[in-house]
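The values are calculated or read from the model by the stated rules, or taken from the named source; none is laboratory data. Model, not experiment: these values are computed from the prediction. Positions of Cβ are backbone-derived with ideal geometry, glycine not excepted, and every protein chain shown enters the neighbour counts.
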Amino acid sequence: MGASSEVPLCVDLDGTLTYSDLSWLAVLQLLKNDRLALIRLVVWLTNGLAFLKRQVAIQTKLDMKEVPWFTEFIDFLENEKKRGRKLVLCTAADYNLAKDVAAHWGLFDEVIASDGFTNLRGRSKAKTLVRRFGEKAFDYAGNSFVDLPVWAKSRQAIVVNAHPFLAKLAAKRVPVAAYFPRKTSFRSILSQAVDKATVLQSLLFFAPALAFKPMYKLGTLLIGFFATFITLTASRLAQMHLATPSQGASKHWQSLSPCLCIGLATGLFTVSLIIAAVIKSALILPLLLIVLTGIAGALYLQESFPSNLLVLPIQTTAVIICGDIVVGAGMVMKLVPIWFFIALTFQCLTPQIHGLVQESSEAHSQIPYYLAITTALITIALVFLQARNTASVILGLLFAYWILRLVRKTYALASNPWELITRDSELIIVQLALLLVYLYT
């Protein structure tokens, strides 16, 4: 797999040395630390992408230990370094950021990067490397179609974290010395995004139809459900990918390509908007609310109270509104305040229960699921009560059963059951205040 030690190996950073995009991670960190930074980002962008990267790099400092590195490729670089080969980090990221990466690994003899004026990417990178080393006098490791002009000027290509199709295109230009295949795909990303909570939330779309218009056209209903489901999936993708490492984003999500995640989320949401425009244009607003709430929750609401409690209730309320719009039941204004209060209540209880079961990983994973099921059943029961449907009795019994399961689980895990009620008393105050406002307005 190795190439000649006399020829320098130029290595791309984003998507190659790391699975992620460090400039993107720096932007997310800046937005998290300063909520008004979005305005500055727009102003900086008017001066060019390279200028924006420089300003972001100056104002942020990434923890290199939290970055998802492509360890298999780094092992390859370490072996090349031991053979005496010159390694050059050549990236479109800002020089300050690239310098930190080089210092972290101690592998690179030289750093070539964007300087605040030139965005070193594609043809610009190819010209720079030809001026520095000469045409066909360097090897290049990259991961995207943007790297094709660079490979065309290199002696050999090393294709990293890419689809086999890209390796074939590179091979038409220069010999491919090594290939490190991509370990993620659209299918694997979707399988991680569609969890139990997403499915459960989306199923609430059918509650208005079951209660008010059980004979409504099944085709239209299923199409509306599909639009709502893929919107929730897009929101989940955006929410998980936009969360920075300090906000608890898993290593798996950090390791996914920003282009893959954001591209997939954008595609899904675009499809849902097209469907909404075709069947009922009024669906567009609640679908927008779902996505925007997820994005806001990832960027700004993770560490603030009570804002961080609002994401799930708002999104699930929007799902019910979607179902109501499709069937034309007209029950939104009657039901939404009740649902929102109950959803917020259970959302408030979730972190408290988490705190009580830290010693039990099994309980830690199951209790939030019980909460989700309970809130879903409450919603369906309320819908049927509004419709004065006899099925509300059955749903009420199911609701009582799940409440019993939840209480038994909580009592079994808490040494002092009253701790569940007394912990974080400000949450209880918020809940009572919302209930009073609803009852007396």
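For this structure, a couple of remarks:
- Note on the stretch 217-236: residues that are modelled with pLDDT under 80 and assigned to a helix (DSSP H, G or I) amount to 1.
- Positions within the stretch 201-216 being crowded, with 16+ Cβ neighbours inside 10 Å and either of a type in the set (A, V, I, L, M) or modelled with pLDDT under 70 (or both), in sequence order: L203, L204, A207, A209, L210, A211, F212, Y216
- Some residue of the stretch 63-72 being over 25 Å from the mean Cα position of the chain (by Cα) and in a helix (DSSP H, G or I): no
- Taking the listed residues D34, D75, the one that is free of Cβ contacts under 8 Å to residues at least 12 places away in the same chain, assigned by TED's automatic domain parsing to the domain that holds A162, more than 30 Å from A298 (Cβ to Cβ) and not polar (S, T, N, Q) is D75, with no other qualifying.
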